[in-house]
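The values are calculated or read from the model by the stated rules, or taken from the named source; none is laboratory data. Computed from a prediction, not measured in an experiment: that's the story for all the values here. When we count neighbours, we look across all protein chains shown, and the Cβ atoms used for this are built from the backbone with ideal geometry, even at glycine. What goes into the accessible areas is simple: the full protein's heavy atoms, side chains included, and nothing from ligands, DNA or RNA. Shrake-Rupley method; radii C 1.70, N 1.55, O 1.52, S 1.80 Å.
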Amino acid sequence: QALPVLFKHWLKNEEVEEGRTAMLQCELTKPNAPVEWRKGDTVLQTSDKYEIRQEGTLVELFIYDAEAQDA
């Protein structure tokens, strides 16, 4: 039976000036595990606003041109 994927390092609160790029990062116990980034009930997808990168156990979300409503 496979072990569950867990967070090695949880997300930290980040502050960024409006108009700048915010970067959120977490680390998992297993490489390349599927990750969903969400804002409330909305699943975030790669777009002009969001970029999602995953390399091994490291997963990152970039929020471009950050605004107050991105909090």
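Surface composition of the chain: carbon plus sulfur atoms contribute 49% of the solvent-accessible area (1.4 Å probe, protein chains only, all chains present). Taking a sphere under 15 Å around the Cβ of Asp70 and counting the other residues whose Cβ falls inside, with K and R at +1 and D and E at -1, yields a net charge of -4. As a length-normalised measure over Cα pairs under 8 Å and 6 or more apart, the relative contact order of the chain settles at 35 percent. Average accessible surface for the chain: 80 Å² per residue, computed with a 1.4 Å probe over protein heavy atoms with every protein chain in place.
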